[in-house]
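Asker: Before I ask anything, let me first share the structure, which is written out below as C-alpha cells.
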Amino acid sequence: MFKKILPLVLATSIPAACAYPTLSDIKAPPAVNEPVVGEVNPEKVVKIEVEEKKWKCPTCSPAEQYVLEQLQEKTNIVDRNALATILGNIKSESNFHANICEGGARVSYHNCHRGGYGLIQWTSTGRYLGLGKFARKYDCDPSELKCQTRYMINEPIFQKYLPEFEGTGRPVRQYMVAAYYWLGWGIKGNRELYAYDYVKKFVF
C-alpha cells in the first residue's frame, strides 16, 4: 500500500513554478514590420535644425552684407573686430564698388588701364592680372562683386595673412597691422574709423 501511494504524493508535490510552459505562455516574436520596444523609428524622428550664429549688419548695404556673409562662410573668421577691420579697409579702398578704377571712374575690368581696380584696388600687375585669370578659370565677371569677393578671399596674399584675422580677442588696431600687410596701402586715411563704425553696426 505504501509503495502505491508514494508516486502519487511525489506527483502532487511538484511546485507550479517548475511546471513546463504551455503554448499559450510563449509570446510570439514581433512581426517583421512591427517596431521593437526601445527601437527608433527613422520615419518618426524629429530633426532639430540648429541655426549657426553669424555676425550680421542690418543697416549695411547689400554689397557690404554679401562680403560679410562670404567672409564667414568661406573662412574661420569669427571675431567681430577682425571682420569690421576687413570691411573698413574695403570701404576705404572702393566703398564696395566692384567696377571702380583708381580715381573714381566706374568702368569694366578691361577698361581700367592705370592704378588699382575693384573692391580692394588691386594695383600691382600680378594681382590685377590674377583677378582676370581667376575670372576666366571660374567663368565669372571680373567687374562684378561676387567674382571679386571670391578672388579676394582665395588670393594667395589674403590667404597668407588669413590666420591673423582668424584669431580672437584682438582690438581693431592690432588687426589693422594684418590688413596693412594684406593691402599694402600708401595712405591710411579713415579705414580704422570705418572699422570701428562697423563694430557698432554688427549684431549677432
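The values are calculated or read from the model by the stated rules, or taken from the named source; none is laboratory data. None of the values given here were measured: they were computed from a predicted structure. Ideal geometry is used to build each Cβ from the backbone, glycine not excepted, and the neighbour counts take in all protein chains shown.
Asker: With respect to GLY130, determine if the residue is touching a Lys or Arg at 6+ places or on another chain (Cβ under 6 Å) and at negative phi. Can you show your working first?
Answerer: Values: touching a Lys or Arg at 6+ places or on another chain (Cβ under 6 Å): no; at negative phi: yes.
Here the answer is no, as GLY130 does not meet what is asked.
Asker: Which residue out of GLY167, GLY103, GLY115, GLY186 is among the small types (Gly, Ala, Ser) and either in contact with a Lys or Arg (Cβ under 9 Å, 6 or more places away or on another chain) or part of a helix (DSSP H, G or I) (or both)?
Answerer: Result: GLY103 is the single residue among GLY167, GLY103, GLY115, GLY186 that is among the small types (Gly, Ala, Ser) and either in contact with a Lys or Arg (Cβ under 9 Å, 6 or more places away or on another chain) or part of a helix (DSSP H, G or I) (or both).
Asker: Do any residues in region 156-182 that are β-branched (Val, Ile, Thr) have Cβ atoms under 7 Å from those of residues that are at pLDDT 95 or above and not in a helix (DSSP H, G or I), where the two are at least six apart or on different chains, and which pairs are they?
Answerer: THR168/VAL78; THR168/ASP79
Asker: Same structure, new question: In region 53-72, is there at least one residue being of a type in the set (Lys, Arg), modelled with pLDDT of 95 or more, buried (at least 16 other Cβ atoms within 10 Å of the Cβ) and out of contact with any His (no Cβ under 9 Å at 6 or more places or on another chain)? Can you show your working first?
Answerer: Looking only at region 53-72, we keep the residues that are of a type in the set (Lys, Arg), and these are 53-54, 56.
Checking the rest, the ones that are also modelled with pLDDT of 95 or more come to 54, 56.
Next, from what is left, pick out any that are buried (at least 16 other Cβ atoms within 10 Å of the Cβ): none.
Looking for residues that are of a type in the set (Lys, Arg), modelled with pLDDT of 95 or more, buried (at least 16 other Cβ atoms within 10 Å of the Cβ) and out of contact with any His (no Cβ under 9 Å at 6 or more places or on another chain), one finds none in region 53-72, hence no.
Residues checked against (1) over 16 Å from TYR151 (Cα atoms); (2) of a type in the set (S, T, N, Q):
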{"residue": "SER61", "(1), (2)": "yes, yes"}
{"residue": "LYS74", "(1), (2)": "no, no"}
{"residue": "VAL78", "(1), (2)": "yes, no"}
{"residue": "THR85", "(1), (2)": "yes, yes"}
{"residue": "GLY88", "(1), (2)": "yes, no"}
{"residue": "ASN95", "(1), (2)": "yes, yes"}
{"residue": "GLY104", "(1), (2)": "yes, no"}
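Asker: Given the conditions (1) more than 23 Å from the chain's Cα centre (by Cα); (2) acidic (Asp, Glu); (3) farther than 22 Å from GLN174 by Cα, report the number of the one that GLU73 does not fulfil.
Answerer: Every listed condition holds for GLU73 apart from (1).
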